[in-house]
Each structure stands twice: as structure tokens, then as C-alpha cells.
Amino acid sequence: QVRMVESGGGLVQPGGSLRLSCVASGSLFRLNTMGWYRQVPGNQRELVAAITSGGNTNYADSVKGRFTISRDNAGNTVYLQMNSLKPEDTAVYYCTAAGKERSWLPLRDYWGQGTQVTVSS
């Protein structure tokens, strides 16, 4: 069974920085795209950033230039470096990955449990 475990959330003042980490553990054959979503109560979950296994990245317009996504393929880990944080970045952040546990199985999405990020003075 594959688990996605996030860490690094917390409370930070506006303009500050946080680094989120997420490691995929368990029996994995392959991980494709990994990413981060966020959700505010009452709103839909939205994509923040994504990165392919080859390193191509995609960002939401609202975080471009402030957030950087990266990954360690050997460690099945994805990171989100968040700089110049704003109060509107406050949300629960979820990591996700598309992967498979056996070569013959179809790709599926795995999700972490979420980590709270609060930007407030």
C-alpha cells in the first residue's frame, strides 16, 4: 500500500517562507507526475504546482515567481518551496502523485492527508 506523507506546514508571517515535503512510501513500480494542491474551506481544491518525472514544471498563475516545486526521484519525494507568502496562500496543502504499484496495473492517483499552511501576522 502506498502512502503519501506530508510535512513542513505551519504558521508564518506575510513575506515569510515555508518548505513542504512529501514522501511516497510503500511498494511502488513507478511515479509519474507529482504535485501540490491546496484547498480553502468552501472552495474547490486547486492545483498549485506539478512536476513530471523528467522535471518539467507547471504553476498556478497566483504562485508563479514565488513557489518552486522540485523532486527527488530516487527518494520518491516532492518539495514545495514557498517564498514571499501572502495571507491568501493560507490553505490546506495536499501532495499528490500519479503512479502504479505493479507494471501491469493502471496508473492511479495517490493523495496525502494534507498539511495546514497559515500566513498571518
Residue that is at positive phi and in contact (Cβ under 8 Å) with a residue 12 or more places away in the chain, where the choices are Gly99, Gly114:
Gly114
Residue within region 85-93 that is within 11 Å of the chain's Cα centre (by Cα), open to solvent by 60 Å² or more (accessible area, probe 1.4 Å), among the hydrophobic types (A, V, I, L, M, F, W, C) and modelled with pLDDT of 95 or more present:
no
Looking only at region 31-66, filter to residues that are in contact with a Gly (Cβ under 8 Å, 6 or more places away or on another chain) and surrounded by 15 or more Cβ atoms within 10 Å (Cβ to Cβ); which one of those is farthest from Trp104 (Cα to Cα)?
Val48
Taking region 94-121 and keeping residues open to solvent by 60 Å² or more (accessible area, probe 1.4 Å), under 21 Å from Gly16 (Cβ atoms) and assigned to a strand (DSSP E or B) leaves Gln116
Of residues in region 1-30 being part of a loop (DSSP other than H, G, I, E, B) and open to solvent by less than 30 Å² (accessible area, probe 1.4 Å), the one nearest to Val78 (Cα to Cα):
Val2
From the list Gln81, Gln116, pick out the single residue that is under 11 Å from the mean Cα position of the chain (by Cα), modelled with pLDDT of 95 or more and under 24 Å from Leu11 (Cβ atoms).
Gln81
Of the residues in region 66-93, those that are in a loop (DSSP other than H, G, I, E, B) and in contact (Cβ under 8 Å) with a residue 12 or more places away in the chain come to Arg66, Asn73, Gly75, Asn76, Asn83, Ser84, Leu85, Lys86, Thr90
Every pair of residues 6+ apart whose Cβ atoms lie under 6 Å, when the first sits in region 48-59 and is in a loop (DSSP other than H, G, I, E, B) while the second is exposed (fewer than 15 other Cβ atoms within 10 Å of the Cβ):
Ser53/Asn32
With the condition kept exactly as written, say whether any residue in region 16-39 is at pLDDT 95 or above, more than 26 Å from Lys100 (Cα to Cα) and out of contact with any strand residue (DSSP E or B) (no Cβ under 7 Å at 6 or more places or on another chain).
yes
Name the pairs: first residue in region 10-25 and charged (D, E, K, R), second residue at pLDDT 95 or above, Cβ to Cβ under 9 Å, at least 6 apart or on different chains?
Arg19/Gly8; Arg19/Tyr79; Arg19/Leu80; Arg19/Gln81; Arg19/Met82
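The values are calculated or read from the model by the stated rules, or taken from the named source; none is laboratory data. Here the structure is a predicted model, which means the values were calculated and not measured. Reconstructed Cβ throughout: ideal geometry from the backbone, glycine too, with neighbour counts over all protein chains shown. When the accessible area is computed, the model is the full protein with side chains, heavy atoms only, and any ligands, DNA or RNA have been set aside. Shrake-Rupley method; radii C 1.70, N 1.55, O 1.52, S 1.80 Å.
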